[in-house]
Amino acid sequence: MRESGIAGKIALVTGAAGGVGLAVVAGLVDEGARVVAIDRDPEALAALSARWPDAASVRSVQLDITDAAAVDALVAEIESDWGPIDIGINVAGVLHIAPVVDTDETEWDRVFDVNARAVFVVSRALARVMKPRARGCLVTVSSNAAGIPRQGMAAYAASKAAATMFTRCLGLELASYGIRCNIVAPGSTRTQMQDAMWARGTTLQSVLDGSLESYRTGIPLRKIAEPRDVADAVLFLVSDRAGHITMADLYVDGGATLRA
């Protein structure tokens, strides 16, 4: 069986302590990578550290990833202490559900700070150290909402669309250096974010069925994703098996957006 090429590499993951991010960390560890796991939730990070107590293989870091100076400093520290970072995965994200007319500027900025600005800040820091080495790969976990309009999700969808196009543009800039940049776009996934939507009255059946009234498609596969489903797509894109794939936008949504 062909090896993935992930073993022994250093990977940096944001939003690492829960949901898709935690599944990505688990997959990377299983593949033999060393992981820098970044999150802002101290309790979730403590649980992550308890799961992987060996700090030589998983390093938990509480960090504001919208702070460019702090991100740059962490990347420099990891490169000095551990070695070159070959894999960067942007998973951190926040959700806001409200009509545009009820969305204030503060909430709009909060969503864009995490979902778009942080992707820029982290990816730029990693691109700066990868480019001289002419190797590495970056993956942004976006959303299928970046490619299909949703009622009450303008801030979230717009921020994810921005992160998606940023990642593709970065991939074009870095392609000649052998650095690959790709996107994974999940649909409904069993995470805390999905739980928050269900708390607002959304049900599993309504997600599967869709709604003509709100112009929302259902899910042809008749199930929502598990975090590992999304993580598996990420792991494929950072592996040697995806060595000729860059600027791709891989939808992992059970067919919900009716597109590739």
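Before moving on, here are some points about what is shown:
- Theoretical FRET efficiency, 1/(1+(r/R0)^6), r = Cβ-Cβ of A56 and L172, R0 51 Å, to 0.05: 0.90
- Positive dipole terminus of the range 30-124, leading residue within H96, A46, N115 (C-beta point charges): A46
- 1.4 Å probe accessible area per residue over the chain, in Å²: 46
- Kirkwood's formula applied to the C-alpha pairs of the range 105-176 gives a hydrodynamic radius of 12.9 angstrom.
- Entry note, the chain: relative contact order of 20 percent, from Cα contacts under 8 Å with a spacing of 6+ residues.
- Exposure of L48 as accessible area (Å², to 10), given a probe of 1.4 Å and all protein chains: 0
- Largest accessible area first, the listed residues T14, T217 line up as T217, T14 when surface is computed with a 1.4 Å probe on the assembled protein chains.
- Counting only protein chain heavy atoms and rolling a 1.4 Å probe, the accessible areas of K131, K160 rank, largest first, as K131, K160.
- Cα-based shape type of the range 137-216, given that a ≥ b ≥ c are square roots of the gyration tensor eigenvalues and the cut on a/c is 1.5: prolate
- Placing one equal scatterer on every Cα of the range 152-260 and applying the Debye formula, the log10 ratio I(q)/I(0) at q = 0.24 Å⁻¹ is -1.40.
- Fully extending the segment from W82 to Q151 would add 20.4 nm, taking 0.36 nm per residue of separation and subtracting the current Cα-Cα distance.
- Across all C-alpha atoms in the range 26-105, the radius of gyration and Dmax reach 15.6, 49 Å.
- The phi-based Karplus calculation (6.51 cos²θ - 1.76 cosθ + 1.60; θ = phi - 60°) puts the 3J(HN,Hα) values of the range 204-213 at 4, 5, 5, 5, 5, 7, x, 8, 5, 4 Hz, whole numbers, x for Gly and Pro.
- Of the three principal axes defined by the Cα atoms of the range 22-155, the extents in descending order read 48, 35, 26 Å.
- Amide H partners (placed H, <5 Å) of V139, local residues excluded: G88, I89, N90, N182
- 3J(HN,Hα) along the range 86-99: 9, 9, x, 10, 8, 10, 3, x, 10, 10, 9, 10, 5, x Hz, from the Karplus curve 6.51 cos²θ - 1.76 cosθ + 1.60 with θ = phi - 60°, whole Hz, x for Gly and Pro.
- For the chain, carbon and sulfur atoms together expose 55% of the accessible surface, with a 1.4 angstrom probe and every protein chain in place.
- Taking only the C-alpha atoms of the chain, Rg followed by Dmax gives 17.7, 55 Å.
The values are calculated or read from the model by the stated rules, or taken from the named source; none is laboratory data. On a predicted model such as this, the values are computed, not experimentally measured, just so you know. No Cβ is skipped: glycine too gets one built from the backbone with ideal geometry, and neighbour counts run over all protein chains shown. The protein model used for the area step is the full one, side chains on, heavy atoms only, and it has no ligands, DNA or RNA in it. Shrake-Rupley method; radii C 1.70, N 1.55, O 1.52, S 1.80 Å.
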